[in-house]
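Any read-out appearing in this document is the output of simple, stated calculations on the displayed coordinates, not a laboratory observation. Please read these numbers as outputs of a predicted model, since none were measured by experiment. Positions of Cβ are backbone-derived with ideal geometry, glycine not excepted, and every protein chain shown enters the neighbour counts.
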Amino acid sequence: METLFIGKFPAMKKRIYLDYQATTPVDSRVFEVMKSHFCEHFGNPASRHEFGWEAENAIATARKQTADLIGAGAKEIIFTSGATESINLALKGIAEAYSGKHIITAMTEHKAVFDVCKTLEKRGFEITFLKPNRDGQISPKQVEEAVREDTFLISLMHANNEIGTIYPVAEFGKIAHKNDIIFHVDAAQTVGKIPVNVANMNVDLLSFSGHKIYAPKGVGALFVRRKNPRIRLAPQIHGGGHERGLRSGTLNVPGVIGLGKACEICAVEMQTEATRIAKLRKQLLDGILSNMEGVAINGTMENRLDGNLNLTFYGVDSETLILSMKEIAVSSGSACTSATIEPSHVLKALGLSNLQARSSLRLSIGRMTTADEIDFVTQQIENAVNRLRHRKH
Ligand SMILES: *Cc1c(COP(=O)(O)O)cnc(C)c1O
């Protein structure tokens, strides 16, 4: 098992990647369609000549592929540099274009939403941060009860990046629309993994990212509803008026083309991939629980992304655990906050103590994960946890 070779990716030899919720490798089929757009078909889609038209056509295809995956119209897709930028444009853009004082979001949101809301709070807006239950879930009733006369925006994620909880966004959307409130969804963890349909979900704005779905980093999209109702946004980046004036700046053409291709692949393979990944997660969870004591699951197992596991190993510091498993890449809490030593704000919102949050691991399974890797990881975790627990006493 020491020289485990991970077939498709020579660079990943002897290393096992179980951190697909932090980022994914680029799918070779995605890379293939991007390649010619660096040195050969390098035109600026805004140019009025052959080079430009070539790029413009390729962008149009990507826009359609991206829109199709979420049930949107091509004109409703704004390409950005990633989910963080999409979220900033959506939330700040709405806050500047509409009147109203109150915003509803949740304590479990990704920092990209959480910190934008904190910034808007400093600008004078009032924010309600909904608290999840012990399982990580937020109910439509909580959203309904938080609605005020001056609420103009609700921003809630489709699925959580740490604990994988899938939220009832269609229900949230109904409440928003019944009250004439704009509804934004951070869907960075769900687009391409579970069905997302902006019409059925009553969503006005939806943010997602390329590098979570096997496209490159530095590209993402924002869905902006064009009718029933037509959403207005104040642009946050001004310049040449690209992307319907909402996001100036020359597009990342190869990146956008990669995102389009990645969306097309997801549309075709989502179902079979989800089934395969769910099986691997079951293998991982059963393997860990049947051989070890003192392990708790964070977040509900009922409405949960297939590829996600978040576990607390009592009596073990997760940073030490990660360092002691050199061949395995997993995350302690959220990757986005692991630069700081702060315990995960999501786990704390669930009611975990600092110590419990610091004893937790997020394992995320993806397209290239194999059953052999899962077996190896199960064994490594068991060995490492036992070793660390004995060292302590
Ligand atoms: C990754 C992620 C983001 C940020 O996406 P970037 O493309 O890295 O900016 C936002 N929200 C969630 C839920 C994510 O998982």
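With the dipole of the chain worked out from charges on the C-beta (+1 for Lys and Arg, -1 for Asp and Glu) around the Cα centre, which of 215, 87, 280 lies farthest toward the positive end?
The one lying farthest along the dipole's positive direction is 87.
What does the charge dipole of segment 28-265 about its Cα centre add up to, to the nearest 20 debye, if the Cβ of each Lys and Arg holds +1 and the Cβ of each Asp and Glu holds -1?
Details: 29 positive and 25 negative charges, 29 e Å.
It works out to roughly 140 debye.
Counting C-alpha atoms alone, how compact is segment 117-181: give Rg to one decimal and Dmax as a whole number, in angstrom.
12.4, 33
Using Cα springs under 10 Å in a Gaussian network model of the chain, which residue among 306, 372, 19 shows the largest mean-square fluctuation?
Comparing 306, 372, 19 in a Gaussian network model of the chain, the most mobile one is 372.
So which of 193/279; 141/193; 14/282; 217/261; 118/227 end up more than 25 Å apart, counting from Cα to Cα?
Numbers: 193/279 15 Å; 141/193 27 Å; 14/282 23 Å; 217/261 14 Å; 118/227 30 Å.
Violating the 25 Å Cα-Cα cut-off are 141/193; 118/227.
Roughly what % of DSSP beta bridges within segment 28-265 run antiparallel, to the nearest 5?
Values: 10 of 26 bridges.
Antiparallel bridges: around 40 percent, rounded to the nearest 5.
Say we join alpha carbon atoms closer than 10 Å with springs in a Gaussian network model of the chain; which of 162, 145, 85 then has the biggest fluctuation?
145
Among 164, 52, 106, which residue has its Cα furthest toward the positive end of the charge dipole of segment 28-265, with +1 on Lys/Arg Cβ and -1 on Asp/Glu Cβ?
52
How long is the chain along each principal axis, judged by its Cα atoms, biggest number first, in Å?
Cα extents, longest axis first: 67, 55, 34 Å.
Looking only at 72, 146, 357, which one moves most when the chain is put into a Gaussian network model with springs between Cα atoms under 10 Å?
146
Give me the compactness ratio for segment 60-163, meaning the Cα radius of gyration over 2.2 N^0.38 Å.
Numbers: Rg = 15.1 Å, N = 104, 2.2 N^0.38 = 12.8 Å.
The reported ratio for this selection is 1.18.
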